[in-house]
2 protein chains.
Amino acid sequence: MTGKMQQGVLRAAIDRRPVASDIAIIETPRPDCPEDGVLVKLAAISLDPYVGTRLRGKHMGEPAPVPMRDAIPAHGVGQIAQSRADGLKEGDWVHTTEAGWRDYAALPASAVRTIDMTGLDPADHLGPLGMPGLTAWAAMAKRAEVQPGDSVLIDAAAGAVGGTAGQIARALGASRITGIAGGPEKCAAVTGTYRFDACIDYRTEGWRDALAAALPDGLNVHLENVSMDLLTLALTHMRPYGRAVLCGLADQYHADAPPPGIPAGLIIGKRASLMGLVVYDFYDRWNEFTEFAAPLVRSGDLKIAKDSVTGWADAPALFERMLAGKHIGKAMVRL
Amino acid sequence: MTGKMQQGVLRAAIDRRPVASDIAIIETPRPDCPEDGVLVKLAAISLDPYVGTRLRGKHMGEPAPVPMRDAIPAHGVGQIAQSRADGLKEGDWVHTTEAGWRDYAALPASAVRTIDMTGLDPADHLGPLGMPGLTAWAAMAKRAEVQPGDSVLIDAAAGAVGGTAGQIARALGASRITGIAGGPEKCAAVTGTYRFDACIDYRTEGWRDALAAALPDGLNVHLENVSMDLLTLALTHMRPYGRAVLCGLADQYHADAPPPGIPAGLIIGKRASLMGLVVYDFYDRWNEFTEFAAPLVRSGDLKIAKDSVTGWADAPALFERMLAGKHIGKAMVRL
């Protein structure tokens, strides 16, 4: 298999939040299938906030992609176009964390995970069953260990991680799910599509009072991936021995100064447990997670809004919108 | 039973760290035994850091004692001198959190806990089996859930809480116990009397390097009750998924400004669990704790240096020394 393909790359090195014009879509040779590996024809790739810092070389110590050469990193779902690996055959659907912005990816067998597409869309495997879903499951089921009766507060609730987390918490028996999101459209998705009990729009005046009113009995589980300010506010509403999971601080990814610290007095006074989460640690449990979550997706009990474009031309603009938090749900490019 | 007794009181209201001269020892009438209660002749009372803030009305919302009237708060151990309560009889040894600086305390039956003095000293029930011990046990056994093989770092290791915590961690199977303390005398107690594997003197130059050298494989459990700076340092040496228990910030009890916050990036990056602890929540588990710890005290596997004076005259000076962190082990007044 030879020929050309399209690929998204950085035009030049950057040291700020990337924008659409930083990305060029170029034509490159389609790669060959590697020995003991596979060539995957991608059907959809995921746009995720961490890539914004990754492009600056500021994510988990990983180097920035080389401008005009390396595909912009992305997870993806596709079908095997050619296989030289045992147990993987042409036509198999796979998910890979090493897809990148390109039509075809040449990968070692170890980099792909076979997925079941029955009753599912490629996009499901990037959203509720993809890295955002895995993050949400790790946070709710494995770190916070949500129990029946828990009252759960989710920040960035319209996002793929937050939206999935609330629905997973519900599946684990939580009795009340409250979200925080920015703007009426996002809040409508949170209470409508994701069926949270309430959503507080932090862009409205008096929203802190509204949050207090939405939590008459406080909360005992919190998921934070945006802001120290919200984490601190959540702690003030926390019942004794509540658990908060911290899996990122999106509002700091492109900030110059370090964030303010977590107030020690609240941790002690609330007898809180605050837990850090890095989703990479759960990559080897993806099948366990999928067994739990795929039935929920098929039954309609776990769904995430999809903010997608088709083809590379509109991908940079969606990437910019996603990094600015202006998307709803899972941002992705269908190919 | 009538007559006089001595009692320690504040001379006047204060709004700073108390010193010896703030305390007056006055003569007051010996109280009568209350209906359904007991009159306890105290044998020893405990001097604890939290009383420093309690005297200023800044501890857990409790009011400051009224000057020249209310006994300074203290836990104590004594014998029942007179009983009008079912199940409690003259001569029984009891522990009470409501002893106060006085020779006799008139208490409701619910305020005393009968204790077994076999092979033990009243001071044991104020130190390793008292509130410091209960705090240490709650931190190590119930919050951090120390497991065999854990590497444990204890701040304020020469203190009653820290010293007990290290020995309890050892009893729970921890493989390495490292302490931090101020000064050679304290460090000698930590590695000698308390048998920690190492103690770092934070008053020596290069102590941060010495700490790193003492933790070649990092740590996975940390107990902090002094300083945000030490908590942050401990987090930098923490293995993934380590647990830190925060039960106080002694260096902040009399500070004007709030402490710096806990760095969120370290919590995430280390996948740490940070847990708040308030020992009050464990008062109803004191018997469970004593069952665990009393055999260790009797066998010599749990011992705490005792820094005591006998009689009220020297008590204010020891109280001042204790609040300044200049004592070693458990500070107490024997009567």
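The values are calculated or read from the model by the stated rules, or taken from the named source; none is laboratory data. Predicted model only: the values in this text are computed from it and were never measured. Cβ coordinates were reconstructed from backbone atoms using ideal geometry, including for glycine residues, and neighbour counts include every protein chain displayed. Surface areas here come from the heavy atoms of the whole protein model, side chains and all, with no ligands, DNA or RNA. Shrake-Rupley method; radii C 1.70, N 1.55, O 1.52, S 1.80 Å.
About the Cα centre, and with charges only on the beta carbon of Lys, Arg (+1) and Asp, Glu (-1), how big is the dipole of region B:131-280? Nearest 20 debye, please.
It works out to roughly 480 debye.
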Net dipole in debye of chain A [+1 Lys, Arg Cβ; -1 Asp, Glu Cβ; about Cα centre; nearest 20]:
360 debye
So how do B:Leu249, B:Leu266 rank on accessible area, 1.4 Å probe, biggest first, that is with the largest at the start?
B:Leu266, B:Leu249
Averaged over the residues of B:79-90, the number of partner chain Cβ atoms within 10 Å of each residue's own Cβ comes to 0
Between B and A, which B residue has the Cβ nearest their rotation axis, distance in Å?
B:Gly261, 1
Checking the cross-link filter: which lysines have an alpha carbon closer than 17 Å to that of B:Lys4, excluding same-chain neighbours under 8 positions apart?
B:Lys41
May I ask you to evaluate 6.51 cos²θ - 1.76 cosθ + 1.60, the Karplus curve with θ = phi - 60°, for each residue of region B:229-244 and list the ³J(HN,Hα) values in order in whole Hz, giving x for glycine and proline?
4, 5, 4, 4, 4, 4, 4, 5, 9, 7, 6, x, 6, x, 10, 10
Starting at the first residue of region B:302-315, write each ³J(HN,Hα) from the Karplus equation 6.51 cos²θ - 1.76 cosθ + 1.60 with θ = phi - 60°, in whole Hz, x for Gly and Pro.
9, 9, 10, 4, 10, 10, 10, 10, 10, x, 6, 4, 8, 5
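All other residues with a Cβ under 15 Å from the Cβ of A:Gly300 taken together, and with Lys, Arg as +1 and Asp, Glu as -1, what is their net charge? Show your work: numbers first, answer last.
Values: positive: A:Arg170, A:Arg195, A:Arg298, A:Lys303, A:Lys306; negative: A:Asp121, A:Asp124, A:Asp301.
After counting each charged neighbour, the total is +2.
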Please work out how much accessible surface B:Arg203 shows to a 1.4 Å probe, ignoring ligands, DNA and RNA, in Å² rounded to 10.
150 Å²
To the nearest 20 Debye, how big is the dipole of the protein assembly as shown about its Cα centre, given +1 on the beta carbon of each Lys and Arg and -1 on that of each Asp and Glu?
420 debye
With a 1.4 Å probe and all protein chains in place, put B:Trp93, A:Trp207 in order of accessible area, largest first.
B:Trp93, A:Trp207
Between the label point of B:Pro63 and that of the same position in each other copy, find the distances and list them shortest first in nm, with every label point placed 7 Å from Cα along the Cα-to-C-beta direction.
6.9
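Could you rank A:Met68, B:Met275 by how accessible they are, 1.4 Å probe, largest area first? Show your work: numbers first, answer last.
Values: A:Met68 100, B:Met275 15 Å².
Heavy-atom accessible area, descending, gives A:Met68, B:Met275.
In peptide A:222-228, what is the residue-averaged number of other protein chain Cβ atoms found within 10 Å of each Cβ?
The shielding value for this peptide is 1.
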On a C-alpha basis, how far is the centre of region B:194-273 from the centre of region A:177-254 in Å? Whole number, if you could?
30 Å
Quick one: Cα centre-to-centre distance for region B:107-136 and region A:62-92, in angstrom?
65 Å
Can you work out ³J(HN,Hα) from phi for every residue in region B:213-227, in order, using Karplus 6.51 cos²θ - 1.76 cosθ + 1.60 and θ = phi - 60°, giving whole Hz and x for Gly and Pro?
5, 6, 10, x, 10, x, 9, 10, 9, 9, 10, 10, 9, 10, 9
From the label point of B:Gly206, set 7 Å from Cα along Cα→Cβ, how far away are the matching label points in the other copies, in nm, ordered shortest to longest?
6.4
I'd like the interface area for chains A and B: accessible area of each alone minus the complex, both sides summed, 1.4 Å probe, protein heavy atoms only. What is it in Å² to the nearest 100?
1900 Å²
For the protein assembly as shown, with the dipole built from +1 on Lys and Arg beta-carbon atoms and -1 on Asp and Glu ones, taken about the Cα centre, which of A:Ala144, A:Tyr202, A:Ser308 lies farthest toward the positive end?
A:Tyr202
Inter-copy spacing of A:Ala317 label points, which lie 7 Å from Cα along Cα→Cβ, given in nm from shortest upward:
8.2
Among B:Ala20, B:Gly37, B:Gly3 the positive-end extreme of the charge dipole of region B:1-105 (Cβ point charges)
B:Ala20
Residues whose built amide H sits under 5 Å from the amide H of B:Ile115, excluding neighbours closer than 5 in sequence, are B:Trp93, B:Val94, B:His95
In Å², nearest 10: area of B:Asp301 left accessible to a 1.4 Å probe
70 Å²
If amide H atoms are built 1.01 Å from N in the plane of the peptide, which residues on other chains or at least 5 residues away come under 5 Å of the amide H of B:Gly329?
B:Gly159, B:Ala160
Averaged over residues of B:269-281, the number of beta carbons from other chains lying within 10 Å of each residue's Cβ is 5
Environment charge of B:Tyr104, counting only residues whose C-beta is closer than 9 Å and scoring Lys/Arg +1, Asp/Glu -1:
+2
Counting only helical runs of four or more DSSP H residues, what would the 222 nm mean residue ellipticity of chain B come to if each run contributes -39,500 (n - 2.57) and the total is spread over all its residues?
-6500 deg cm²/dmol
Return the long-range amide H neighbours of A:Ser308 (sequence gap of 5 or more, or a different chain), with a cut-off of under 5 Å between placed amide H atoms.
A:Met332
